[in-house]
Amino acid sequence: MRFKYCDEFMIDIDEFNRWFRSAKNTLNAAHPDFEAGNYNWVCFKCHQAIEKALKAILWGLGRSKTGHSLVSLIREIENLDIRVPHDIFDDCAWLSKYYMITRYPNTWESGIPEDYFTRQEAEEALRKARKILEWVERTWQELLRKEKEKEIK
C-alpha cells in the first residue's frame, strides 16, 4: 500500500513492514547467542537489527539508503523532519561501533572478537536495540496517523 508523504514521495507500508519484520527477527536471533555466551554476536546482531529498523523507515518513505553506519541512517531520518530524541541518537551511535569489531580479528591487537565482549555489554546492546525498535515502530505509526489525518481533511 502506497500513498503520498509530504508531497515529495510515497509511503510504502509493505516495504516498511518487510524491513521491520527482518529487524525484529534479527534481534530475536541474538537471544540464543546470549544464552550461549556469544556476546560479540549479540552486539553485532543488535547493530544489524537497528540498521534494518532505520532502513525500514527510509525504505518505507521511498528513501532507500545503503551503508551500515547507524549514525548516518539516523541523520538521514532527521533530514526528513522526523524528530529523533537525543537518547535514541546516542544509542544508535553506541551500537554503530559494533559493525566491525564484533566480527574481525584484525580489528584487535591480539586474540579474537569473542575474547572482548562481556555479558553486561550484550545486555546493554539488547536493551538499547529494543528501545530503538520501539521508537521506530511508534514513529512509523505516528507518520501513518498524520497522513490519514491529512486525507480526512
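The values are calculated or read from the model by the stated rules, or taken from the named source; none is laboratory data. Since this is a predicted model, take the numbers as computed values, not measurements. Here Cβ is always computed from backbone atoms with ideal geometry, including for glycine, and neighbour counts include all displayed protein chains.
Residues that are closer than 10 Å to residue 54 by Cβ and among the acidic types (Asp, Glu) within the range 72-91 comprise just one, 76. Among the residues of the range 126-153, write down those that are free of Cβ contacts under 8 Å to residues at least 12 places away in the same chain and either under 22 Å from residue 41 (Cβ atoms) or in a loop (DSSP other than H, G, I, E, B) (or both). Hits for the range 126-153 are 127, 153. Pairs are defined by a Cβ separation below 6 Å, a sequence spacing of at least 6 or placement on different chains, a first member in the range 28-41 that is touching a residue at least 60 places away in the same chain (Cβ under 8 Å), and a second member that is surrounded by 14 or more Cβ atoms within 10 Å (Cβ to Cβ) and outside any helix (DSSP H, G or I); the pairs so defined are 39/117; 40/102; 40/117. With the condition kept exactly as written, say whether any residue in the range 61-70 is under 17 Å from residue 122 (Cα atoms), of a type in the set (Gly, Ala, Ser) and at pLDDT 95 or above. Checked against the condition, which is being under 17 Å from residue 122 (Cα atoms), of a type in the set (Gly, Ala, Ser) and at pLDDT 95 or above, the range 61-70 yields no hits at all.
When 78, 35, 15 are checked against the criterion of being crowded, with 16+ Cβ neighbours inside 10 Å and among the acidic types (Asp, Glu), 15 stands alone in meeting it.
Looking across the range 85-102, the residues that are surrounded by 15 or more Cβ atoms within 10 Å (Cβ to Cβ) and not polar (S, T, N, Q) come down to 88, 89, 91, 92, 94, 95, 98, 99, 101. Pairing residues of the range 86-109 that are over 14 Å from residue 121 (Cβ atoms) with residues that are of a type in the set (Gly, Ala, Ser) and at pLDDT 95 or above, at Cβ distances under 6 Å and at least 6 apart in sequence or on separate chains, gives 96/69. Taken over the range 97-131, the residue count meeting the criterion of being among the polar types (S, T, N, Q) and closer than 19 Å to residue 29 by Cβ is 1.
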